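Following: one structure in structure tokens, then a few remarks.
FYI, it's all coordinate maths here, none of it is from the lab. All values derive from a computational prediction rather than experimental measurement. All Cβ positions, glycine included, derive from the backbone under ideal geometry; neighbour counts span all protein chains shown.
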Amino acid sequence: MKIAIYPGSFDPCTNGHLDVIIRSAKIFDKLVVAVLTNVNKVPTFTVAERVDFLERVTKNIHNVEVNTFSGLLADYAKEINATVIIKGLRALSDFEYEFQMALTNNKLNPNVETLFMTTSTDNMYLSSSIIKEIAKYGGSLDQMVPIEIQANIYDKFRR
Ligand code: PNS
């Protein structure tokens, strides 16, 4: 069974993340969407909220599992027998850091390869921080965030 991991902070997940999930799930037997719990920056949404959002937006994709991890991604990949790490690339600016991480992860766990998936042009400009900025000022999140979780995102910024 070919298992891939799609790791991230997902604070919150966006249509860009969902697009990568849908396309990757078609390639692998199982895709584990892994939410990092020990992020350096303080997240806006709790781990439970981020997992809940991902579970709701992926509920119809039978081979996707949402999980959490802390520590090194290379170790987590070993633990769940994943041989592929999926990363989404939006712009060239993402590349240098991702390239460094891909090489490091392969050094730490030679059984794991990183595959980069280019984002669809519709989602190129999207990021979790942009989503939060828009939500803070009550702007429309249509076509940026799955409809199922939009209310939760606005709620977070409502006083
Ligand atoms: O959504 P993000 O914040 O860009 O995701 C970053 C993530 C979670 C993929 C990355 O920070 C990560 O893999 N963290 C775990 C620690 C680790 O293994 N670091 C890379 C090797 S030094």
| Qualifying positions in the stretch 1-50 - crowded, with 18+ Cβ neighbours inside 10 Å, among the polar types (S, T, N, Q) and more than 11 Å from the ligand (Cβ to nearest atom) | N15, S24, T44
| Checklist (1) farther than 15 Å from N15 by Cβ; (2) surrounded by 12 or more Cβ atoms within 10 Å (Cβ to Cβ); (3) more than 14 Å from the ligand (Cβ to nearest atom); (4) hydrophobic (A, V, I, L, M, F, W, C) applied to V57, failing item | (1)
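Here is a yes/no grid of residues against (1) surrounded by 15 or more Cβ atoms within 10 Å (Cβ to Cβ); (2) among the polar types (S, T, N, Q):
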| site | (1), (2) |
| --- | --- |
| V64 | yes, no |
| I86 | yes, no |
| S93 | no, yes |
| P110 | no, no |
| L115 | no, no |
| T119 | yes, yes |
| message | Take L72 and tell me if it is among the aliphatic types (A, V, I, L, M), near the ligand (Cβ under 10 Å from one of its atoms) and either under 20 Å from D122 (Cα atoms) or surrounded by fewer than 19 Cβ atoms within 10 Å (Cβ to Cβ) (or both). | response | yes
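Residues in the stretch 2-18 that are in contact (Cβ under 8 Å) with a residue 40 or more places away in the chain and farther than 16 Å from R56 by Cβ: how many?
Qualifying residue count, the stretch 2-18: 8.
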| task | Mind listing whichever residues of the stretch 89-106 are more than 9 Å from the ligand (Cβ to nearest atom) and either over 23 Å from I22 (Cβ atoms) or in contact with a His (Cβ under 8 Å, 6 or more places away or on another chain) (or both)? | result | L92, S93, E96, F99, L103, N106
